[in-house]
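Below is one structure, written out as structure tokens, with a few remarks after it.
What follows is calculated from the coordinates using simple rules that are stated; it is not laboratory data. Everything numeric here is computed off the predicted structure, so don't read it as measured data. As a convention, Cβ positions derive from the backbone with ideal geometry for all residues, glycine included, and neighbour counts pool all protein chains shown.
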């Protein structure tokens, strides 16, 4: 995805010549909005809305009963990597009903960082399947929630049915350093594929 500089330089310096798109994916309530917010150098665009009674029958709140908002379109953040290169982060909504939007968000993306939650690993299957069907390379970052059970890497790989070459890391989506390390893991994986 090439990026032409903006005429008034309000958004990007003229030196930026290339933009790269990364999708942050995962099931509902896994921390995608939090991760994009922790990484973005700009105030992230968020489409969070209060959850209503209409979603009670649709959204599975098992393991995340205190969740009160949900992303209804996407999250957007930006990271300037150097004078010529900028990284755009697109956080995808986690619910299956937004699958059509996923197709649009993944179009032109270089790869995806999948967030997972050990309290609900089974909810990651659909996300991983969609990325594999789209042919989009990905790495998995298990978001380290305080009350979540901890498993060793081998057990998590087996539970998620990951190929040996698929990167798997633990991260705290709230922590900029930890989230950056997860993103670096994805970038290193993408470099091995090029």
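Taking R0 as 25 Å, what's the FRET efficiency between residue 41 and residue 192 from their Cβ-Cβ distance, rounded to 0.05?
The formula returns an efficiency of 0.40 here.
If packing is taken as the average number of other Cβ atoms within 10 Å across a peptide's residues, how do 77-86, 165-174 rank, most packed first?
165-174, 77-86
What FRET efficiency comes out for the pair residue 177/residue 133, r = Cβ-Cβ distance, R0 = 45 Å, nearest 0.05?
0.85
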